[in-house]
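Reading through the structure tokens given below for one structure.
The values are calculated or read from the model by the stated rules, or taken from the named source; none is laboratory data. As the structure is a prediction and not an experimental result, all values here were calculated from the model. Positions of Cβ are backbone-derived with ideal geometry, glycine not excepted, and every protein chain shown enters the neighbour counts.
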Amino acid sequence: MSELGKKSHMVFVGGGAVGGYVSGHLAANGYDVTVIDMWPENVAAIRKDGLRLSGTTPEETLTGKPRALHVCDVPQLAHERPFDVAFVCMKSYDTVWAAQLIKPYLAEHGFIVSLQNGINEERVASVVGWGRTVGCIASSISVELYEPGKIHRGVPKGGEKHTVFRVGEPHGRLTPRVFALAEMLKTTDSSKPTTNLWGERWSKLVLNSMQNGMAAATGLSSNAMSTRQDLRRGIVRLGGEAVNVGVALGYPLEEMVHCEAADFLKAHKGDAAARDKIEAEIQKMAVGRSDKQRPSMGQDMAKGRRTEIEFLNGLVVARGAELGIKCPASAALVRCVQRVERGEVKQGPEAVSEVLNA
């Protein structure tokens, strides 16, 4: 399919923070959008009042009204027009079943876009094949579903300063569909097609590995973590380990917290100046960001949901092990988050002491 216009039939499997935010914007801009979600209260709220979106400025307050279905309603789709594109916006551990759920309702030319944290394109492809798999990174979007049908974005829009959506093919070539997707996503925020899907993916994984697990274990917001030197240094160390593995894998990494991969590698090797540079950029990111903004894993922990720690820091550890690279801080964070999840350790800064001392 060469174009994705407003007559295209689209579905979002997952109407949470990211899925709801993007589908809400598309629906508000006249696109034909269906949202499938597991949370009955969320589905009911969307059906009644739409997706109510807000941000750091009054101009970002809007309502989009996509059609909303509960997963139990999905079989009725057999009587309807197939979907041209399906966005999977689920947790990494739900990727395979979500792709299997929607596969029967895709058009012959239809495909799935992984709009998720983690690296899940291979899981999608295991269900629909590589030719029907596209990746999309949402960089620094920081959205939260805080009530059924209500989503808040805790950071300013990227606009010209920062490209939020990066759409790419697994094979790296630019195709009509990635150009069309990138253009469509501009209704939500800045967007571009990319030839570097895997480098973009790992770069986002680095950022998630730095902040998500720390927020889940400590219970702190991004801004609160940035004010503590001990946590900042732990965050930089986590980033250094993830970058070290990504570079060893051969991925061309993008800029992360306004720093290059080389800065992280220097910090990883003990360069204090490079470490201080990254810490300074982490502190700068708090400017304009809501003090309540929490990374997605921090939100999951607060809601009693399973975290994605094994798909983020756990993936860094696993891929590092394949290369003979040890990632002690990342491995320690996986253990710390799992202990908090199981109720063995109380959530708080003390819960990550193993990470800071690794």
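Would the stretch 73-81 turn up any residue that is assigned by TED's automatic domain parsing to the domain that holds Ser140 and touching a Gly at 6+ places or on another chain (Cβ under 8 Å)?
There is no residue in the stretch 73-81 that is assigned by TED's automatic domain parsing to the domain that holds Ser140 and touching a Gly at 6+ places or on another chain (Cβ under 8 Å).
With the requirement that a residue be among the acidic types (Asp, Glu) and either closer than 21 Å to Ala286 by Cα or over 21 Å from the mean Cα position of the chain (by Cα) (or both), what does the stretch 211-253 give you?
If the condition is that a residue be among the acidic types (Asp, Glu) and either closer than 21 Å to Ala286 by Cα or over 21 Å from the mean Cα position of the chain (by Cα) (or both), then Asp230 is the only one that fits.
Return the residues of the stretch 27-43 that are surrounded by fewer than 24 Cβ atoms within 10 Å (Cβ to Cβ) and outside any strand (DSSP E or B); say none if nothing qualifies.
Those that are surrounded by fewer than 24 Cβ atoms within 10 Å (Cβ to Cβ) and outside any strand (DSSP E or B): Ala28, Asn29, Gly30, Tyr31, Met38, Trp39, Pro40, Glu41, Asn42, Val43.
Kindly list, by first and then second residue, each pair from a residue in the stretch 297-309 that is in the same structural domain as Val206 (by TED's automatic domain parsing) and within 17 Å of Gly343 (Cβ to Cβ) to a residue that is crowded, with 24+ Cβ neighbours inside 10 Å and of a type in the set (D, E, K, R), limited to pairs with Cβ atoms under 8 Å and residues at least 6 apart or on different chains.
Sorted first by the residue in the stretch 297-309, then by its partner, the pairs are Met297/Glu308; Asp300/Glu308; Ala302/Arg294.
Tell me whether the stretch 168-182 contains one or more residues that are part of a helix (DSSP H, G or I), touching a helix residue (DSSP H, G or I) at 6+ places or on another chain (Cβ under 7 Å) and in contact (Cβ under 8 Å) with a residue 12 or more places away in the chain.
No; the residues of the stretch 168-182 include none that is part of a helix (DSSP H, G or I), touching a helix residue (DSSP H, G or I) at 6+ places or on another chain (Cβ under 7 Å) and in contact (Cβ under 8 Å) with a residue 12 or more places away in the chain.
Out of the residues in the stretch 103-133 meeting the condition of being surrounded by fewer than 23 Cβ atoms within 10 Å (Cβ to Cβ) and among the hydrophobic types (A, V, I, L, M, F, W, C), tell me which one is nearest to Val164 (Cα to Cα).
Ile119
On the basis of being farther than 25 Å from Tyr146 by Cα and in contact with a helix residue (DSSP H, G or I) (Cβ under 9 Å, 6 or more places away or on another chain), does Val85 make the cut?
yes
Among (1) charged (D, E, K, R); (2) in contact with a Pro (Cβ under 9 Å, 6 or more places away or on another chain); (3) part of a helix (DSSP H, G or I), there is one condition Glu108 misses while meeting the rest; what is its number?
Result: Glu108 fails condition (3) only.
So that you can scan it fast, the table gives a plain yes or no per residue for (1) in contact with a Pro (Cβ under 8 Å, 6 or more places away or on another chain); (2) modelled with pLDDT of 95 or more; (3) more than 19 Å from Ser190 (Cβ to Cβ); (4) in a helix (DSSP H, G or I):
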{"site": "Ala68", "(1), (2), (3), (4)": "no, yes, yes, no"}
{"site": "Asp84", "(1), (2), (3), (4)": "no, yes, yes, no"}
{"site": "Ile112", "(1), (2), (3), (4)": "no, yes, yes, no"}
{"site": "Ile119", "(1), (2), (3), (4)": "no, yes, yes, no"}
{"site": "Arg123", "(1), (2), (3), (4)": "no, yes, yes, yes"}
{"site": "Ser140", "(1), (2), (3), (4)": "no, no, no, no"}
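Touching a His at 6+ places or on another chain (Cβ under 8 Å), within 21 Å of Pro295 (Cβ to Cβ) and in a strand (DSSP E or B) - does that describe any residue in the stretch 44-66?
Yes, the stretch 44-66 has at least one match.
Which one of these does Lys204 not meet: (1) under 27 Å from Ile309 (Cβ atoms); (2) assigned to a helix (DSSP H, G or I); (3) in contact with a Phe, Trp or Tyr (Cβ under 9 Å, 6 or more places away or on another chain)?
(3)
What do you reckon, is Val96 part of a helix (DSSP H, G or I), touching a Leu at 6+ places or on another chain (Cβ under 7 Å) and modelled with pLDDT of 95 or more?
So Val96 does not fit the description; no.
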